[in-house]
1. Run the simple label-point estimate for residue 193 and residue 261 please: 7 Å along Cα→C-beta, distance reported in nm.
2. Can you order the peptides 167-173, 230-236, 46-52 by their average number of other Cβ atoms within 10 Å per residue, highest first?
3. Please give the residues of region 68-106, grouped as numeric ranges, whose backbone N is less than 20 Å from a label point set 7 Å along the Cα-to-Cβ vector of residue 125.
4. Using Cα atoms only, what is the angle between the long axis of helix 12-21 and the major principal axis of the chain, expressed in degrees (0 to 90) to the nearest 10?
5. Determine the relative contact order of region 150-233: mean sequence separation of Cα pairs under 8 Å and six or more apart, normalised by residue count, in whole percent.
6. Taking only DSSP H segments of four or more residues, each worth -39500 (n - 2.57), what value at 222 nm results for the chain once the sum is divided by all its residues, to the nearest 500 deg cm²/dmol?
7. With viscosity set to 1.002 mPa s and temperature to 20 °C, compute the Stokes-Einstein D of region 148-257, Rh being the Kirkwood radius across alpha carbon pairs; µm²/s, no decimals.
8. Starting from 0.36 nm per residue, how many nanometres of slack lie between residue 2 and residue 249 once their C-alpha separation is accounted for?
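Bear in mind these aren't lab numbers, they're just calculated from the coordinates by the rules spelled out. All of these numbers come straight from a predicted model, not from anything done at the bench. Every residue, glycine among them, receives a Cβ derived from its backbone with ideal geometry; neighbour counts consider all protein chains shown.
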Ligand code: KIV
């Protein structure tokens, strides 16, 4: 039986066993109770309460504006829905970059107030003191390298990262450092597939890719993107598995028509 099927509840240890057994890890975002319930029941391994909620749920252009309180609200809604998946919660911009004491207190708030299982942080050597301090409090940390959207104003664009040798070497060093420090997995976002394959082979811990080819140990997508709910975001790495936007549009237009024509509610739909 596969490691995923065996597990009653997915933990960081399950993910390590999956990598060791050569089984791919599946991860999707969710930010609210109803969506998280569907995602969990569909058999996903990991649910990420991503700070992409800033874009997807709140309509901001970047992930920077979302606050720690808002992340805790989203994460606690997801926690109430989920029975099996491991729940990872993003530490939002500004909640950990200041110093390691601030980082630890933000991570503790997430764990205590939302009930999430682990946190995710963007960056390598520049955040290592904070990663260490959070880990020493018993909170598992998922790393995130490559395109790190919280630093968008430093990079200026959302294009592929680490194409040049110097940046690629730095990313490999950061990945090894995060592993050595004790991270249980690392997200690799929008980097060349060959580099992601090299990092995944070098690391003992699992890598989860987004726009990083298929040699990573797992894949993650934003659920609203892969379901075709968001319409304006269509990067090359995204596969749309449904056109939920069209289905919702048709259903809502039909409802509007039925109310306007007094077809809804009919006699069976009233008391
Ligand atoms: O916030 C998010 O959704 C993420 C994924 C893109 C990995 O960090």
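1. 4.9
2. By packing density, highest mean first, the sequence is 46-52, 167-173, 230-236.
3. Residues 97-100 qualify, since their backbone N sits under 20 Å from the label point.
4. 80
5. 22
6. Helix-only estimate at 222 nm: -12500 deg cm²/dmol.
7. 136
8. 85.0 nm
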